[in-house]
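S.K.: Below is the structure I would like to discuss, written out as structure tokens.
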Amino acid sequence: MRNFFEVFNVVENIYHIKDRLNVFVTLIVGKDEAILLDTSYGMGNLRRFIDEFIDLPYKVINSHGHVDHASGNYQFDEVFIHKEDIELCLDHTSEEKRMQRLTLAKEEGISIEQDENEYLKGGPGNLKEIDEGTVFNLGGITVEVIGMPGHTRGSIGLFIKERKLLLTGDAANPFLWLFDKYAANLSAYINTLRKIKELDFNYFLTSHNLDLLPKRRIDDFLECALNIDINKSKPFDHPFFKEYNAYVYNHGNLDFNHPNFASIVFSPEKLK
């Protein structure tokens, strides 16, 4: 089996690490310490990989509690997460959710690196609360926790001052999900976009894309959110979310690869 992880040095000291299920975690490396943002699905031995990649102490932070960002938490001693996403994390790291994703991975021909039973029983890990405004000095690199509610109520981003880079997880991206019971409403997402526009960054990086996105893309997302219209939306169909009455709004009906593409998957009750 080929290596479970692939590393991309997107910015000096910033490594975007993709697993075999096409989800990225991000490693920020300072002179004295490091931060690992997210733990992916937990099917690869991420802890071993990070321990071999750097010889520094590091903290692990969840951008939010969804299954594809927090299921590897059990591999680490402790993981920081915003208190508003703890309930979500408990749900999405359950044995039922893990079995769903493991079954799908097997159907896709992806083998798990971890002990299968250990993975299924992994749970949420040892969660510790982290607050917006928390600042970490890693040695030459300063990282600030930015509250970014919308995609989930407890979504956070990491602002890396010296690199003028914002890590947004899933909280600001071209295909935003805003429909399940753990999501905030549309107004919270709009407030998040307006807030981060005030930060001094040039690029941002999401958890499902390798490319650095220019800050101007936040305006595309904001315009999409401000003009969302259920009458111009299409039903959203996903095998894991059949219970939700969700729609997709594609602002301007642009192709996914268009440089200004922006869309939101939403449920009507979130349009507040």
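S.K.: Which entries in K161/K270; K97/K164; K83/K195; K18/K242; K128/K197 show an alpha-carbon gap greater than 30 Å? Please report the intermediate quantities before stating the final value.
M.R.: Values: K161/K270 32 Å; K97/K164 36 Å; K83/K195 20 Å; K18/K242 28 Å; K128/K197 28 Å.
Pairs exceeding 30 Å: K161/K270; K97/K164.
S.K.: For region 91-146, what does the alpha-carbon gyration tensor say about shape, rounded, prolate or oblate, given a ≥ b ≥ c as the root eigenvalues, a/c under 1.5 as rounded, and a/b over b/c as prolate?
M.R.: prolate
S.K.: Count neighbours as other Cβ atoms within 10 Å of each site's Cβ, and list the GluC sites (Glu not before Pro) in region 109-166 that are DSSP loop with at most 15 such neighbours. Could the numbers behind the result be given before it?
M.R.: Numbers: sites: E113, E116, E118, E129, E132, E144, E162; in loops: E113, E132.
Within region 109-166, the qualifying GluC sites (Glu not before Pro) (loop, at most 15 other Cβ atoms within 10 Å) are E132.
S.K.: Probe radius 1.4 Å, ligands and nucleic acids ignored: give me the carbon and sulfur share of the accessible area of the chain as a rounded percent.
M.R.: Values: 5500 of 12150 Å².
That share works out to 45 percent.
S.K.: Continuing with this model, one more query. Heavy-atom accessible area per residue, region 123-233, 1.4 Å probe: how many Å²? Write down the numbers at each step before the final one.
M.R.: Working: 4420 Å² over 111 residues.
With all protein chains present, region 123-233 gives 40 Å² per residue.
S.K.: Using protein chains only and a probe of 1.4 angstrom, how many square angstrom of L271 are accessible, to the nearest 10?
M.R.: 60 Å²
S.K.: Same structure again: With +1 on the Cβ of every Lys and Arg and -1 on the Cβ of every Asp and Glu, and nothing else charged, how large is the dipole of the chain about its Cα centre, in debye rounded to the nearest 20? Provide the component values of the computation, followed by the final result.
M.R.: Values: 30 positive and 42 negative charges, 138 e Å.
So the dipole magnitude of the chain works out to roughly 660 debye.
S.K.: Report the paramagnetic label zone for T142: residues of region 184-204 whose backbone N is under 16 Å from a point 7 Å from Cα along the Cα-to-Cβ axis.
M.R.: 199-202
S.K.: OK, next. Round to the nearest 10 and report in Å² the accessible area of H66, as given by a 1.4 Å probe over the protein chains' heavy atoms.
M.R.: 20 Å²
S.K.: Sticking with this one: Ignoring ligands, DNA and RNA, how do M99, M148 rank by accessible area with a 1.4 Å probe, largest first?
M.R.: Values: M99 80, M148 0 Å².
Descending order: M99, M148.
S.K.: When the Karplus curve 6.51 cos²θ - 1.76 cosθ + 1.60 is applied with θ = phi - 60°, which whole-Hz ³J(HN,Hα) does each residue of region 89-105 get, with x for Gly and Pro?
M.R.: Per-residue couplings from phi come out as 4, 4, 5, 6, 9, 5, 4, 4, 5, 5, 5, 4, 6, 5, 4, 5, 4 Hz.
S.K.: Express in nm, to one decimal, how much length is gained between K128 and N9 on full extension, taking 0.36 nm for each residue of separation and deducting their alpha carbon distance. Spell out each step's value before the answer.
M.R.: Numbers: separation 119, 0.36 × 119 = 42.84 nm, distance 2.85 nm.
Full extension from K128 to N9 adds 40.0 nm.
S.K.: Can you give the accessible area of T103, probe radius 1.4 Å, in Å² rounded to 10?
M.R.: Counting only protein heavy atoms, the figure is 60 Å².
S.K.: Next question, about the same structure. How do V7, V135, V145 rank by accessible surface area computed with a 1.4 Å probe, from largest to smallest?
M.R.: Numbers: V7 55, V135 85, V145 0 Å².
In descending accessible area the options line up as V135, V7, V145.
The values are calculated or read from the model by the stated rules, or taken from the named source; none is laboratory data. Every value quoted in this text rests on a predicted model; they were computed, and no experiment measured them. Because the Cβ atoms are built from the backbone with ideal geometry, glycine has one as well, and the counts that use them run over all protein chains shown. Ligands, DNA and RNA are excluded from the accessible area calculation, which covers all protein heavy atoms including side chains. Shrake-Rupley method; radii C 1.70, N 1.55, O 1.52, S 1.80 Å.
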